[in-house]
């Protein structure tokens with residue numbers, strides 16, 4: 001039987017599949033159910049220093065190949081999130097705290113709270129494509145990225161995962177600025193939009209949003225490959241994963257672990273056990289004894 005457990009930044013995972021930030025992860029009970037359905041860990045909704053209501057509806061649109069969303073980083077604020085983490089931790093698996101902010105002080109305040117609540121690692125949202133002053137606006141400034149991560153490394157003990165944006169001119173430049181992070185998460189959504197031709201207006205209230213799902217899988221694989229080849233750092237791959245073949249592509253491109261978001265919307269929470277079963281069968285038939293044996297084998 002092939003061994004599908006893996007270790008990323010010192011965190012042992014029963015399998016390489018985690019729930020990505022942004023779906024079914026603002027509520028402790030839904031996070032717990034996802035963990036019980038086969039995910040090895042969950043990444044929380046991106047949480048900020050204070051509560052945000054987000055954008056008015058419509059905030060999500062289903063399109064061919066995936067979803068467009070502009071939720072607006074709606075969240076309850078870190079001081080109101082401790083109970084949700086407490087509930088999710090009852091599943092006995094790692095909880096990764098996704099955090100965002102506009103300044104190093106914002107990231108540090110929220111990050112220390114997440115650490116206190118019991119998060120195993122922090123995922124730094126440096127890449128949300130549709131909210132002014134945070135996300136990709138922060139993540140496209142190399143000096144600010146370096147300052148944020150440097151400050152957190154001094155004062156936070158748990159691993160830092162930098163989630164980088166594909167919506168930048170040179171992602172390698174941002175990765176170099178984020179080199180003090182313990183791992184990279186690649187990628188966040190790709191900026192896009194859709195028009196309602198009968199209403200003669202954008203489908204989303206914010207006009208543009210983030211494209212996720214199968215439409216961006218090959219973009220994600222490309223960046224995982226590139227950043228693995230250039231930096232050699234641990235990578236968590238995310239974007240368009242719906243089958244075990246998708247997962248294997250990401251792993252062979254250099255990802256040690258993976259996150260699934262839109263796939264849960266399209267395939268249900270059973271997607272984790274389905275992919276794990278297919279992954280194990282593939283590894284047995286192809287002679288791979290562990291996930292680590294496959295990581296980066298396609299990188300030339």
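None of the figures in this text is laboratory data; all of them are computed from the coordinates on show. This is a predicted model, so every value here is computed, not measured. Using ideal geometry, Cβ is built from the backbone for each residue, glycine included, and neighbour counts are taken over all protein chains shown.
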Isotropic mean projected area of the C-alpha convex hull, the stretch 218-291 (nm²): 4.8 nm²
Determine the shape class of the stretch 126-284: with a ≥ b ≥ c the square roots of the Cα gyration tensor eigenvalues, call it rounded for a/c under 1.5, and otherwise prolate if a/b is greater than b/c, oblate otherwise. oblate
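Which of 141, 246, 25 comes first, and how do the rest follow, when ranked by fewest Cβ neighbours within 10 Å?
On the way: 141 16, 246 22, 25 25.
Fewest-to-most Cβ neighbours within 10 Å comes out as 141, 246, 25.
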The stretch 62-214, relative contact order in percent, only Cα pairs under 8 angstrom and at least six apart counted: 25 percent
Between residue 105 and residue 74, what is the FRET efficiency for a Förster distance of 22 Å, r being their Cβ-Cβ separation, to the nearest 0.05? 0.50
Cα gyration tensor shape of the stretch 46-176, rounded if a/c is under 1.5, else prolate or oblate by comparing a/b with b/c: oblate
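If we count other beta carbons within 10 Å of each Cβ, what is the order of 83, 244, fewest first? Working shown, then result.
Working: 83 11, 244 19.
In order of increasing Cβ crowding within 10 Å: 83, 244.
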Highest GNM mean-square fluctuation, the chain, Cα pairs closer than 10 Å: which of 101, 65, 209? 65
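For the chain, what does the helix formula give at 222 nm: sum of -39500 (n - 2.57) over DSSP H segments with n ≥ 4, over the residue count, nearest 500 deg cm²/dmol? Don't jump to the answer; show the numbers that get you there.
Details: 10 runs with 102 residues, N = 300.
Roughly -10000 deg cm²/dmol at 222 nm, from the helical runs in the chain.
How big is the antiparallel share of DSSP beta bridges in the chain, given as a percent to the nearest 5?
Values: 18 of 44 bridges.
In the chain, approximately 40 percent of DSSP beta bridges are antiparallel ones.
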Rounded, prolate or oblate: which fits the stretch 1-111, taking a ≥ b ≥ c as square roots of the Cα gyration tensor eigenvalues, rounded meaning a/c under 1.5, else prolate when a/b beats b/c? oblate
In nm, give the distance between the simple-model label positions of residue 299 and residue 281, each being 7 Å from the Cα along the Cα-to-Cβ direction. 3.0 nm
Convex hull volume of the stretch 146-209 per residue (C-alpha atoms, cubic angstrom): 107 Å³
Mind giving me the nanometre distance, one decimal, between the label points for residue 155 and residue 197, set 7 Å out from Cα along Cα→Cβ? 5.3 nm
Return the ratio Rg/(2.2 N^0.38 Å) for the stretch 172-262, where Rg is computed over Cα atoms only. 1.25
Relative contact order of the chain, please, whole-number percent, based on alpha carbon pairs below 8 angstrom and at least 6 residues apart. 19 percent
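Can you sort 40, 280 by how many other beta carbons sit within 10 Å, fewest first?
The most exposed by this proxy come first: 280, 40.
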Could you pull out which residues in the stretch 65-81 have an amide N less than 13 Å from a spot 7 Å beyond the Cα of residue 37, following the Cα-Cβ vector? none
Across the Cα atoms of the chain, what radius of gyration and what greatest pairwise Cα-Cα distance (Dmax) are found, in Å? 17.8, 56
Just subtract the alpha-carbon distance of residue 180 and residue 56 from 0.36 nm times their residue separation and send over the number in nm, one decimal. 41.0 nm
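Suppose a student asked you for the relative contact order of the stretch 19-121, using Cα pairs under 8 Å spaced at least 6 residues apart; what percent would you report?
Values: 181 pairs, mean separation 31.9, N = 103.
Value for the stretch 19-121: 31 percent.
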